[in-house]
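Engineer: I have a structure here, written as structure tokens, and I will follow up with some questions on it.
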There are 2 protein chains.
Amino acid sequence: MTLDESNVSMTRNDVVAAAARIAPYAHRTPILTSRSINEIVGAELYFKAENLQRVGAFKFRGACNAVFSLTDAQASHGVITHSSGNHAAALALAAKLRGIEALIVMPENAPDIKKAAVAGYGAKIEFCAANEAAREAAVAHAQTLHPFELVHPFNDCRIISGQGTAALELLTDEPELDAIVTPVGGGGLLSGTALAASESTVKVLGTEPANADDAARSFAADKVIPITAPDTIADGLRTSLGDLTFAIIRAQVEQIMTVSEDAIVRAMKLIWERMNIIVEPSAAVPLAALMEQGMPDGIAKAGIILSGGNVDLGHLPWQD
Amino acid sequence: MTLDESNVSMTRNDVVAAAARIAPYAHRTPILTSRSINEIVGAELYFKAENLQRVGAFKFRGACNAVFSLTDAQASHGVITHSSGNHAAALALAAKLRGIEALIVMPENAPDIKKAAVAGYGAKIEFCAANEAAREAAVAHAQTLHPFELVHPFNDCRIISGQGTAALELLTDEPELDAIVTPVGGGGLLSGTALAASESTVKVLGTEPANADDAARSFAADKVIPITAPDTIADGLRTSLGDLTFAIIRAQVEQIMTVSEDAIVRAMKLIWERMNIIVEPSAAVPLAALMEQGMPDGIAKAGIILSGGNVDLGHLPWQD
């Protein structure tokens, strides 16, 4: 099925428009290379360093695009979301930059450092029990009290097109790529990347932990199969695809690769050691997949989106 | 005293020539910024990320310039140096790129990871006792057996001008800086930076651990006063100035700031946390100085050379 046959009418132009919208606020992150990692995988890899993005993750791109897409009337209501991770901080910062209110529903067991980051950007936090139903109920309840604009972490066209801007920059700087490889959790980054690459011959591949393989299962079954009990160190990838992200992924993504937990930690440590940058486990998943499964046929030059770098420096996985 | 009055005849042109010489081999490293660190110090800081340079340190610039400055006849003899740190790996890689032999004299107690890096670039290693006299004796002895070209880690015009290329790039990308701040050990980076900035109004400041404050003492006394027992976590800064580097520094550097060990660890952790990059303790010394002593008068926009990122990820200083 092509994207045109689905109910999703997004195109690469949405990503181009998002890029212009967020340009005054987002970093144009550098593209890094490592000869020693290239030797290990037997290919040329180009790492788009979104761990160096504002709030330390690509999530700022989507949140910024969503907030600056609002009309003044919409923006005057403020924004709301539920997230325990990078989207929470990203939306808080984007709202601060536009000068509007943000209410972030966070699970009460969210790490203190994440709570502090969100509060540091001036957002209000409402705590809820640590499950999806409680989060959604808390958001719905808050919206009955005040007409906040909901900005979902991934299943939102503004978020998808914003996340695609990282790949747009990568393809501008490295037009000869055979493929772009991203992690996939809720699918915002992967679907946005697919849109960014959709008018080229560049293949787009998703990668996820075998322990949270809802995207691979959904891709194979051709319908969304949510994950029930994800048990992975890649905390950014524990969510399941949404209907919007899945529609784009099924139409435009080449393949979903899965990877073991051991491989994720090894790839993460390799990036720290050889590239001297800090990436979170989720960001290491694409390299882990290429190392564990080998380069897919026909791919000699690949871009990798290093999705984020927010880790607890007191608890590194190779020290446990 | 101006530089012209000393016996050193180097100018900014030497740095410009070095930049052209190393351009095919060295990374043009990105310049990174952090709004939260800017808020902490009350200034705009531009970090030149030499931790992302090849071999993970600015040292590759000088070693590459030295090796590619050799005539074919000189190069045919191979190169030799003594170093337990980043210069060893840098010279080994530069020699490999030119296709010539390198002999590295290393103290027998050098970390295994450093030995492996040097060997990995195909250099020969000769071990010696862990003191300066033993190192120099080993080099002298090797040179009686074979006419290696000596490439000193810092007290060498080719090294100094090579190290200055990082500041040259920084000043090209950020021409409005008031100052550039670097760490100072043997003085190669600081003196090269001073040369790069010498035809501008940009002030150049050196920073070093209070526990290895030979540069500050030498600057005040107007003569080289070697350090006797440096006891600092900033292992790259335990060496003392050479006569060449000191001549440039006394003529062209504004000020040498010293900093406590605690401040170094705090600044290092801050860079890891807020910038998501890995820097070694020496690289954190400039920021540590600005945080501990405050911004010097009249400096609102400063460049900082993040000198390197080679650390043992199993032993982080805030986990001891």
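The values are calculated or read from the model by the stated rules, or taken from the named source; none is laboratory data. These figures come from a predicted structure and were not determined experimentally. Every residue, glycine among them, receives a Cβ derived from its backbone with ideal geometry; neighbour counts consider all protein chains shown. These area figures cover heavy atoms from the full protein model, side chains too; ligands, DNA and RNA do not enter into them. Shrake-Rupley method; radii C 1.70, N 1.55, O 1.52, S 1.80 Å.
Engineer: Does anyone have the angle between helix A:86-98 and the longest principal axis of chain A? Alpha-carbon axes, 0 to 90°, nearest 10?
Structural biologist: Tilt of helix A:86-98: around 60 degrees.
Engineer: B:Ser9 label points, 7 Å along Cα→Cβ, one per copy: pairwise distances from this copy to the rest in nm, shortest first?
Structural biologist: 7.5
Engineer: A follow-up question, please. Please say if the stretch A:60-150 is rounded, prolate or oblate, where rounded means a/c under 1.5 for a ≥ b ≥ c the square roots of the C-alpha gyration tensor eigenvalues, and otherwise the choice is prolate for a/b larger than b/c and oblate otherwise?
Structural biologist: Note, shape of the stretch A:60-150 comes out oblate.
Engineer: Leaving ligands, DNA and RNA out of it, work out the accessible area of A:Glu39 with a 1.4 Å probe and give it in Å² to the nearest 10.
Structural biologist: Number for this one is 150 Å².
Engineer: Ignore the peptide's own chain and count Cβ atoms of other chains within 10 Å of each Cβ in A:53-62; give me the average, rounded. Provide the component values of the computation, followed by the final result.
Structural biologist: Values: counts 1, 2, 0, 4, 1, 0, 0, 0, 0, 0.
Per residue, the average neighbour count from other chains is 1.
Engineer: Amide H neighbours of B:Leu150 under 5 Å, at least 5 residues apart or on other chains, H built in the peptide plane: list them.
Structural biologist: Result for B:Leu150 returns B:Ile80.
Engineer: Please give the per residue accessible area of the protein assembly as shown, computed with a probe of 1.4 Å over protein heavy atoms only, in Å².
Structural biologist: For the protein assembly as shown, the per-residue accessible area is 38 Å².
Engineer: Provide an ascending nm list, one decimal, of label-point separations from B:Asp112 to the equivalent residue in each further copy; define each label point as 7 Å from Cα along Cα→Cβ.
Structural biologist: Between copies, matching label points for B:Asp112 lie 3.6 nm apart.
Engineer: Could you state how much accessible area B:Lys124 has, in square angstrom rounded to the nearest 10, with a 1.4 Å probe and all protein chains kept in place?
Structural biologist: 110 Å²
Engineer: Determine, for each peptide in B:284-291, B:135-142, the mean count of other beta carbons within 10 angstrom over its residues, then list the peptides with the highest first.
Structural biologist: B:284-291, B:135-142
Engineer: Also, I was wondering about something else. Using the 7 Å Cα-to-Cβ label point, sort the distances from B:Phe127 to its equivalents in the other copies shortest first and give them in nm to one decimal.
Structural biologist: 5.5
Engineer: Another question, if that's okay. Give the aspartates and glutamates whose C-alpha is closer than 17 Å to that of A:Lys203, dropping any in the same chain fewer than 8 places away, or say none.
Structural biologist: A:Glu44, A:Glu169, A:Asp173, A:Glu174, A:Glu176, A:Asp178, A:Glu254, A:Asp297
Engineer: Provide a whole-number value for the mean count of partner chain Cβ atoms within 10 Å of the Cβ atoms in peptide A:276-283.
Structural biologist: If you average over the peptide's residues, the count of other-chain Cβ atoms is 4.
Engineer: Rank A:Trp318, A:Trp272 by accessible area, highest first, at a 1.4 Å probe radius?
Structural biologist: Reading off the accessible areas and sorting them downward yields A:Trp318, A:Trp272.
Engineer: Taking the DSSP beta bridges in the protein assembly as shown as the whole, what percent of them are antiparallel, to the nearest 5? Provide the component values of the computation, followed by the final result.
Structural biologist: Values: 7 of 67 bridges.
So the antiparallel bridges amount to about 10 percent of the total.
Engineer: Which loop chymotrypsin sites (Phe, Trp or Tyr not before Pro) in the stretch B:49-136, with loop taken from DSSP, have no more than 14 other Cβ atoms within 10 angstrom of their Cβ?
Structural biologist: Loop-located and lightly packed - none at all.
Engineer: Still on this structure, I have one more. Provide a whole-number value for the mean count of partner chain Cβ atoms within 10 Å of the Cβ atoms in peptide B:312-319.
Structural biologist: 3
Engineer: Quick one: with all protein chains in place, what share of the accessible area of chain A is carbon or sulfur, to the nearest percent (1.4 Å probe)?
Structural biologist: Numbers: 5870 of 12270 Å².
Solvent-exposed carbon and sulfur of chain A make up 48 percent of the total.
Engineer: Moving on to the next point. Based on alpha-carbon centroids, what's the gap between the stretch A:162-195 and the stretch A:275-320 in Å, whole number please?
Structural biologist: Value for the Cα centre distance between the two parts: 15 Å.
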